[in-house]
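Encoded as structure tokens, the structure appears first; notes follow it.
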Amino acid sequence: MRLSVALHLPADVVAVLGALPREPVAGVSWSVPQQWLVKLRPLGHVPGDVVEPLVAALSDELDGVPLVRCALGPATRRLGGQWLGAPVSGLDDLAAVVFDATVGLVPVTHPQPFRADVVLARGRVPASLAGRPVAASWTAREVALVADRSSPHGPCLEDIATFPLS
């Protein structure tokens, strides 16, 4: 199954992102609010027998980790020409804890260093979509191990486990 360690967005941040213009653009698929999360570490396809050890490792490593203040913005950015993202800052230390907890179980499959973004669109994203102002802040109170069970019928993200921050 395809997994990520991620943060869910609070309703007020979803509202800020939902207010951004989303005009039709050839070759671009806009993501929907159900897909909006901040990935601390995309894990890719993970065998089922690794899920339980992942949950245990994340539970151990995230125990006692303090709440994290997150800031969205200041503007949308183009990521590799294939995605439009809204950057999120304040997560470097939390992402490092997650990486350390998971790297022994799941090899590195995604580019490093870590960059946190909420993915707003995918496809042939033109440069003109980047640079739109966006700003919000919130306190992250939990981390989730999220399974992406999306299909051509629609997005489906499901929490396998959640880990409260203190």
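The values are calculated or read from the model by the stated rules, or taken from the named source; none is laboratory data. Just so we're clear, the structure is a prediction, and the values are computed from it rather than from any experiment. Here the Cβ is made from the backbone with ideal geometry for all residues, glycine too, and neighbour counts use every protein chain on show.
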Residue hits (segment 118-130; outside any strand (DSSP E or B) and β-branched (Val, Ile, Thr)) are VAL125
Result of the Cβ filter at 6 Å on segment 92-106, keeping first residues that are within 10 Å of ALA57 (Cβ to Cβ) and partners that are of a type in the set (Ser, Thr, Tyr) and at pLDDT 95 or above, at least 6 apart or interchain, is none
All-but-one check, ALA56 against (1) over 29 Å from GLY131 (Cβ atoms); (2) buried (at least 17 other Cβ atoms within 10 Å of the Cβ); (3) not polar (S, T, N, Q), failing number (2)
(1) of a type in the set (Val, Ile, Thr); (2) within 18 Å of ARG22 (Cα to Cα); (3) touching a His at 6+ places or on another chain (Cβ under 9 Å) all hold for THR109 apart from (2)
Those residues of segment 107-150 which are basic (Lys, Arg) and either buried (at least 19 other Cβ atoms within 10 Å of the Cβ) or in contact (Cβ under 8 Å) with a residue 60 or more places away in the chain (or both) amount to ARG122, ARG124, ARG132, ARG141, ARG149
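Do we find that ARG115 is of a type outside the set (Gly, Ala, Ser), outside any strand (DSSP E or B), under 19 Å from TRP36 (Cα atoms) and under 17 Å from the mean Cα position of the chain (by Cα) in this structure?
For ARG115, the condition - of a type outside the set (Gly, Ala, Ser), outside any strand (DSSP E or B), under 19 Å from TRP36 (Cα atoms) and under 17 Å from the mean Cα position of the chain (by Cα) - is met.
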Going through segment 9-41 in order, the residues found to be surrounded by fewer than 19 Cβ atoms within 10 Å (Cβ to Cβ), more than 27 Å from SER128 (Cα to Cα) and not aliphatic (A, V, I, L, M) are PRO10
SER89 passes all but one of the listed conditions (1) touching a helix residue (DSSP H, G or I) at 6+ places or on another chain (Cβ under 6 Å); (2) modelled with pLDDT of 95 or more; the exception is number (1)
